[in-house]
Amino acid sequence: MPAEAMPTGPMRENRWLSPWGRLFIFFLLLFSLAAGADDGNDEHRGPKDMFLAASMDELIARIQSKYEGSILKVELKSPENAPGWRYKVKMLPSTGNVLMLEYDAETLELLRVKGDKH
């Protein structure tokens with residue numbers, strides 16, 4: 001369209017969002033930014049905190065070098081009262097007693113064993 005034939009005034013505004021639509025989008029963006037803001041609560045940590053964890057393959061190799069049996073469950077958790085991440089492992093060794101193992105996720109140091117009847 002030539003410049004002199006371009007609609008002006010209210011007809012041109014129909015092509016774009018109405019003022020109410022713009023206001024709605026503004027508040028939508030505002031609330032989404034506020035929802036993503038860091039409130040200092042460490043309860044919900046993101047992936048940026050997990051990149052230091054040793055791999056699952058390394059953990060399984062470490063467990064299999066010390067225990068014979070089946071690994072039933074592995075969880076990567078951040079304890080409430082301690083820094084860092086922990087691998088919590090539930091396994092059924094050949095002795096038949098369920099073991100709960102806790103490893104430091106970064107160093108794979110064995111921190112706790114529950115259910116060991118050696």
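Numbers at a glance
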read-out	value
Positions within the stretch 65-99 being part of a loop (DSSP other than H, G, I, E, B) and either touching a Lys or Arg at 6+ places or on another chain (Cβ under 8 Å) or touching a residue at least 60 places away in the same chain (Cβ under 8 Å) (or both), in sequence order	78, 79, 85, 95, 97, 98
Failed item, numbered, when residue 64 is tested on (1) surrounded by fewer than 14 Cβ atoms within 10 Å (Cβ to Cβ); (2) at positive phi	(2)
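Where a number appears in this text, it was derived from the coordinates with a stated rule and is not lab data. As the structure is a computational prediction, the values presented were derived from the model and not from experiment. Note: ideal-geometry Cβ built from the backbone for every residue, glycine included; neighbour counts use all protein chains shown.
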